[in-house]
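Report on the structure given below.
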Amino acid sequence: MTETTVISVAGDQPYDITIGRDILGVVADALPPAARKVLVVHPPTLSAPAAQLRELLLASGERQVLLAEVPDAEQGKRVEVAAFCWQVMGQADFTRTDVVVGFGGGAVTDLAGFVAATWLRGVALVQVPTTVLGMVDAAVGGKTGINTAEGKNLVGAFWPPRAVICDLALLDTLSRNERVAGFAEVVKAGFIWYPEILDLIEADPEAAVDPQSPAFRRCIELAIEMKARVVGEDLREAGLREVLNYGHTLGHAIEHAERYQWRHGAAISIGMLFAAELSRLAGRLSDDAAARHRHILELLGLPTAYRGGAWKQLLATMQRDKKTRGSMLRFIVLDDIAKPTVLQAPDESLLFAAYQEVAE
Ligand code: GLY
C-alpha cells in the first residue's frame, strides 16, 4: 500500500474519497461498524479482484460477504439487474444496518448506488470505482440510477456514499483506449476548474495517462477535488453542479446518435470542442483558449470531429435533453479557462456555426 490522499466531500452527509495504490484493504475500514452483511456488486471481468476483496473483508471482521455478479456497462443498468440484486439481499436477510459496495466502472457504481438507495428505503453504500471515469465522475457525488427503454438514467436517486476508495492499481490492466476515454472527464476538469491538469497533459501527454506516473495521479486527484467541491456545494444540481455538463449537451446527443456504442469520453471530447467554439463565437472565449482545447484533445488522441450531416438530428436530441429547462437550450460555456458560465437559448445559427468547427 502506498501513501494515500484523502479528499473530503462536504454537505449534509459528508464523506471521504481515499486515493492511492493497492489500497483495497481500506474498504474494510470504510464499512459501517454495525454491518454484518456486505453485498459486493461487480461485473464478470472483475470476478478475481472481487473475490480478493471478499477475502479482505472476511479477514477483517465477522461478517457475511455476498458477491452479485452483474452485466458490465449499460447492460447492467436495467431494472431486471437491480431486481436480481434485491433478490440476493432478500434471500440473505439484508438489514438496514448492512452495506452495499459498488466495485466496477461507472455503470456498476450507478447500479450499486441505486440498489443501496432503494433497499429498505436506503442502506449504506461504499463505492470502489475501477475505471478513470468511475473515479473522477460516476462514483463521486451521489447520483445513482438505471436506464429505461425510454432513455438513460431516467430512474434514480441522489444517494451519497459513506466513502469512495480509488485504488489506482486497478487501472493498470485497462487498455490505453479505455484510460484515454475516461480521461476526457479529467480534461473537462482542467478546462472548467483546474488548469494545472492542462499544463500536465501538455508537458507529457503519455505520462498524464499512465496510471503509474505521478502526473497521472496528480491529474486524477485534481479532477476528484473539483468534483468533490462542486457536489459538496450543490448535491442536487440546483446551480453550480450544472458546470459539470461542459461538453455534455452535444456529447449526450452524439452518444444517442451512436446508440450508446461510443465511449462516453469520445463523445464528450467532441462536445467540449463544440462548447469551446460556441464560447468563442459568442465572443466570450479567446481564439487561443479555444485552440488549446483542440491541441490537448489531439495530444491525447481523443476525437475532435463528427459527421457533418448529423446536425439536424443532434439538434433535435439536444432539444429533448432532460437538462433543457422548458424549451430553452442551455449550454455551459467558458468566459475563460476555469471560468464556466451558462449560455441560455443561443441562436440556432450560432450553434450551427460552432458545429461547423467540429464537423468532418
Ligand atoms: N456527471 C455529472 C454529475 O455528476 O453531475
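Descriptive notes on the structure:
- Hey, Val99 open to solvent by less than 10 Å² (accessible area, probe 1.4 Å), over 19 Å from the mean Cα position of the chain (by Cα), touching a residue at least 60 places away in the same chain (Cβ under 8 Å) and over 24 Å from Arg217 (Cα atoms) or not: yes
- The number of residues in segment 8-24 that are at pLDDT 95 or above, out of contact with any Gly (no Cβ under 6 Å at 6 or more places or on another chain) and open to solvent by 10 Å² or more (accessible area, probe 1.4 Å) comes to 8.
- For Thr109, the conditions (1) under 30 Å from Ile296 (Cα atoms); (2) free of Cβ contacts under 8 Å to residues at least 40 places away in the same chain; (3) open to solvent by less than 30 Å² (accessible area, probe 1.4 Å); (4) not in a helix (DSSP H, G or I) are fulfilled apart from (4).
- Residues of segment 241-260 that turn out to be closer than 17 Å to Arg307 by Cβ and not in a helix (DSSP H, G or I), as a count: 3
- Of the criteria (1) touching a residue at least 40 places away in the same chain (Cβ under 8 Å); (2) away from the ligand (no atom under 15 Å from the Cβ); (3) crowded, with 24+ Cβ neighbours inside 10 Å, which one Cys219 fails: (1)
- Inter-residue pairs, beta-carbon under 6 Å, first over 7 Å from Gly106 (Cα atoms) and more than 8 Å from the ligand (Cβ to nearest atom) and in segment 129-141, second part of a loop (DSSP other than H, G, I, E, B) and among the charged types (D, E, K, R), 6+ apart: none
- Residues (within 12 Å of the ligand (Cβ to nearest atom), open to solvent by 10 Å² or more (accessible area, probe 1.4 Å) and either of a type in the set (S, T, N, Q) or not in a strand (DSSP E or B) (or both)) located in segment 142-166: Thr144, Asn153, Pro160
- Elements of the type helices (runs of 4 or more DSSP H) sitting completely within segment 287-360 and holding at least 3 residues that are in contact with a Pro (Cβ under 9 Å, 6 or more places away or on another chain): these cover 287-300.
- Flag if Asp137 is under 28 Å from Ser286 (Cβ atoms) and within 12 Å of the chain's Cα centre (by Cα): yes
- Where Glu277 falls short, out of the listed (1) touching a helix residue (DSSP H, G or I) at 6+ places or on another chain (Cβ under 8 Å); (2) closer than 27 Å to Val132 by Cα; (3) open to solvent by 40 Å² or more (accessible area, probe 1.4 Å); (4) charged (D, E, K, R): (3)
- Matching strands (runs of 3 or more DSSP E) fully within segment 1-101 where at least 1 residues are within 21 Å of Asn147 (Cα to Cα) and not hydroxyl-bearing (Ser, Thr, Tyr): 37-42, 64-69
- Residue pairs meeting the criteria (Cβ under 8 Å; at least 6 apart or on separate chains; first within 10 Å of Phe114 (Cα to Cα), in segment 154-170; second open to solvent by 40 Å² or more (accessible area, probe 1.4 Å)): Val155/Val79; Val155/Thr148; Gly156/Lys143; Ala157/Thr118; Phe158/Lys143; Phe158/Leu235; Phe158/Arg236
The values are calculated or read from the model by the stated rules, or taken from the named source; none is laboratory data. Note that the structure is a prediction, hence the values are computed from the model and not measured. Backbone-built Cβ (ideal geometry, glycine too); neighbour counts: all protein chains shown. Ligands, DNA and RNA are stripped out before the accessible areas are found, and what is left, the full protein with its side chains, is counted by its heavy atoms. Shrake-Rupley method; radii C 1.70, N 1.55, O 1.52, S 1.80 Å.
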